[in-house]
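J.: Structure provided below as structure tokens; questions to follow.
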Amino acid sequence: MSPALIFDCDGVLADTERDGHRVAFNRAFEELGIPLHWDDRKYAELVRIGGGKERIRHALSAEPELTKGIRDIERYVADIHARKSTIYQVMISEGAIPPRPGIRRLVDEALAEGWQLAVASTSARGSVEAVLRTATSAHGFSRFSIYAGDVVSKKKPAPDIYELAVADLGVRPQEVVVIEDSAIGLAAARGAGLATIVTVSTYTSEETFEGAALVVDSLGEPGAETPIKVFSDPQDIRPPGYIGLREVQAVRVRQQEEK
């Protein structure tokens, strides 16, 4: 079976949280007449909660007066989230959030070498698909397996979504490399026994990434004027200013040696 490269979506394919999801949540709240507004500081706290509906549910539970008289809280949360997702997907289709450096290049390199590709995300499937379409070619998009939203009941940092992806792809954990951007994502991947490269994003740059095979500021591009910053390289991968399939393969080999 071919090895697999699994990407998180938000913060990895594109830096979507602050200027994408947060904005879409606030627009949905305003449209629906809900007196909530998440500023940058507040949302930085909420991103530690995996899943959009989970964030809404947490915010509503902190202000019980917002749900006074509402009989079906779960339906209410789902309706808010559905409107937010629609707003967000329109934003992405209009080019509001560009892909992060190196994504399309690395996808193409992996496809050329026969790797399986997947996305494992707590975001709604439609939102993940919207980002993935902008971050890859049409051919690349068609080759991805997508595991998203409520496909598992326990979301990151639980390992369930990665365990599902590994089982569905038919690979052994030591044949998988994950690219994540957050501590909760890293915990999920490592909980499933998967080697993980971290590319930090807006809300995660100050987090701790113990157990990551490599921590960098982005995947970068060959020949870029500014090379990537390497924050942690415990396996001595030594990327040459960017992350390519050679570095991903090196992480996979180290994983196999450790097993």
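The values are calculated or read from the model by the stated rules, or taken from the named source; none is laboratory data. No experiment lies behind these values; they were computed from the predicted model shown. Please note: Cβ atoms are built from the backbone with ideal geometry, for glycine as well, and neighbour counts cover all protein chains shown. To get the accessible areas, we keep the full protein, side chains included, count just its heavy atoms, and leave off ligands, DNA and RNA. Shrake-Rupley method; radii C 1.70, N 1.55, O 1.52, S 1.80 Å.
J.: Filter the stretch 210-223 down to the residues that are open to solvent by less than 50 Å² (accessible area, probe 1.4 Å) and part of a loop (DSSP other than H, G, I, E, B) and list them by number. Break it down stepwise before answering.
T.: Taking the stretch 210-223 and keeping what is open to solvent by less than 50 Å² (accessible area, probe 1.4 Å), we get 211-220.
The answer is 211, 212, 213, 217, 218, 219, 220.
J.: List the helices (runs of 4 or more DSSP H) inside the stretch 29-96, counting only whole elements, that have at least 3 residues being at negative phi and among the small types (Gly, Ala, Ser). Even if it seems obvious, please write down each step before you answer.
T.: On the way: elements: 40-46, 52-62, 73-93.
By residue number, 52-62, 73-93.
J.: Would you mind listing the helices (runs of 4 or more DSSP H) fully within the stretch 118-175 where at least 1 residues are under 14 Å from residue 193 (Cβ atoms) and of a type in the set (A, V, I, L, M, F, W, C)?
T.: On the way: elements: 125-135, 138-142, 160-169.
Helices (runs of 4 or more DSSP H) meeting the threshold: 160-169.
J.: In addition: For the stretch 14-50, which positions are in contact (Cβ under 8 Å) with a residue 40 or more places away in the chain and among the aliphatic types (A, V, I, L, M)?
T.: 14, 23, 24, 28, 32, 34, 44, 47
J.: Please state which of the following conditions residue 196 fails to meet, knowing it meets all the rest: (1) of a type in the set (Ser, Thr, Tyr); (2) open to solvent by 10 Å² or more (accessible area, probe 1.4 Å); (3) closer than 17 Å to residue 249 by Cα.
T.: Single failed check for residue 196: (2).
J.: Scan the stretch 49-68 for residues that are small (Gly, Ala, Ser) and more than 15 Å from residue 32 (Cβ to Cβ) and report the count.
T.: First pass over the stretch 49-68, keeping only residues small (Gly, Ala, Ser): 50-52, 59, 61-62.
If we keep only those that are more than 15 Å from residue 32 (Cβ to Cβ) as well, we get 50-51, 61-62.
So the answer is 4.
J.: Does the stretch 105-117 contain at least one residue that is under 16 Å from the mean Cα position of the chain (by Cα), assigned to a helix (DSSP H, G or I) and not aliphatic (A, V, I, L, M)?
T.: no
J.: Please identify the pairs in which a residue from the stretch 236-259 that is without any contact (Cβ under 8 Å) to a residue 60 or more places away in the chain and part of a helix (DSSP H, G or I) has its Cβ atom under 7 Å from the Cβ atom of a residue that is of a type in the set (Val, Ile, Thr) and open to solvent by less than 60 Å² (accessible area, probe 1.4 Å), counting only partners at least 6 apart or on another chain.
T.: 247/237; 250/237
J.: Related question: Restricting the first residue to the stretch 144-166 and requiring it to be of a type in the set (Asp, Glu), which pairs with a second residue that is open to solvent by less than 40 Å² (accessible area, probe 1.4 Å) meet a Cβ separation below 6 Å and a spacing of at least six or different chains?
T.: 160/152; 163/192
J.: I've got another one for you. Restricting to the stretch 50-96, what's the tally of residues that are under 19 Å from the mean Cα position of the chain (by Cα), of a type outside the set (Val, Ile, Thr) and buried (at least 17 other Cβ atoms within 10 Å of the Cβ)?
T.: 11
J.: With respect to residue 110, determine if the residue is within 28 Å of residue 160 (Cα to Cα) and touching a strand residue (DSSP E or B) at 6+ places or on another chain (Cβ under 8 Å). If you could, list the steps in order and put the result at the bottom.
T.: Details: within 28 Å of residue 160 (Cα to Cα): yes; touching a strand residue (DSSP E or B) at 6+ places or on another chain (Cβ under 8 Å): yes.
So residue 110 fits the description; yes.
J.: Considering only residues that are under 21 Å from residue 209 (Cα atoms) and hydroxyl-bearing (Ser, Thr, Tyr), which ones fall in the stretch 222-252?
T.: 232, 242
J.: Under the condition of being under 16 Å from the mean Cα position of the chain (by Cα) and open to solvent by 40 Å² or more (accessible area, probe 1.4 Å), which residue from the stretch 37-49 is nearest to residue 82 (Cα to Cα)?
T.: Only one residue fits best here, namely 49.
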